[in-house]
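Here is the structure we will look at, set down as C-alpha cells.
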Amino acid sequence: MCNLAAFAQKTTNGAKPIARKLLLPQAYFASTNFSGGVVRKDTLSKMLRKGISVRDSAGNAYRVHGFEFGYAERGWFDDSAANPILVVDYLTEYCLGDTLSGGITSSIYDRMKPGDTLFINRVSVYKNTNRKGEAVAEDDIILSKGIKCVIAK
C-alpha cells in the first residue's frame, strides 16, 4: 500500500506537479466592468442603485448570496481644545442579495461626498448558479473579490 501511494505522487516524465491557482470571481457594479477605483458621486449613485454582479475571468456569472457594505465618511471635527481634526466615521452593514438594504439606501445617497470611500467586501456567491429555490449548504457558497471606490468631485 505504501508503495502504491508513493507511486501515485510521481509524474511520468519526472517533472514537478503543477500547482493550480484558485481564481476568485470578481464583483462588479451592476452589468458594468467597474470593479473599483476613483469614481464620481453621481456615477456611483447610479451603479449602487442597480446592485452588484459577480463574474469570473471566463465570463461565468454567479448568483450573489450577500455582501458586506462599508462606508468611510471623512469629516472635520473639533477636538477638546477646539482644534480641527480630520476624523473618519465608519458605517458597515451586511446586505442579503445583490442590492443595498433599505436602511442604507434611505441615507447613503445624501451622505456621499468627495473624499469618502465605499467598500463592498465579503461578497458571498453560490458555486452552482443553476440551483434556484433549493436549500443551500455551507459548502455551496464561496467568497469573491470585493470592490473599493473613492469618491471624486
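The values are calculated or read from the model by the stated rules, or taken from the named source; none is laboratory data. What you see is a predicted model; the values in this text were computed from it and never measured. A quick note on method: Cβ atoms are made from the backbone with ideal geometry, for glycine too, and the neighbour counts reach across all protein chains shown.
Checking Lys113 against (1) within 18 Å of the chain's Cα centre (by Cα); (2) modelled with pLDDT of 90 or more, only one condition comes out false. Which one?
Status for Lys113: all satisfied but (1).
Just to be sure before I move on: is Phe69 hydrophobic (A, V, I, L, M, F, W, C), modelled with pLDDT of 90 or more, closer than 18 Å to Leu143 by Cα and not in a helix (DSSP H, G or I) in the structure I sent? Reasoning before the result, please.
Numbers: hydrophobic (A, V, I, L, M, F, W, C): yes; modelled with pLDDT of 90 or more: yes; closer than 18 Å to Leu143 by Cα: yes; not in a helix (DSSP H, G or I): yes.
Criteria met by Phe69.
I'd like the full set of residues that are β-branched (Val, Ile, Thr), out of contact with any Lys or Arg (no Cβ under 7 Å at 6 or more places or on another chain) and surrounded by fewer than 16 Cβ atoms within 10 Å (Cβ to Cβ), limited to the range 59-93.
Ile85, Val87, Thr92 - these are the residues of the range 59-93 that are β-branched (Val, Ile, Thr), out of contact with any Lys or Arg (no Cβ under 7 Å at 6 or more places or on another chain) and surrounded by fewer than 16 Cβ atoms within 10 Å (Cβ to Cβ).
Mind counting the residues in the range 94-126 that are assigned to a strand (DSSP E or B) and surrounded by 14 or more Cβ atoms within 10 Å (Cβ to Cβ)?
To start, the set of residues in the range 94-126 that are assigned to a strand (DSSP E or B) comprises 94-96, 117-126.
Still in the list and also surrounded by 14 or more Cβ atoms within 10 Å (Cβ to Cβ): 95, 117-126.
Total satisfying the criteria: 11.
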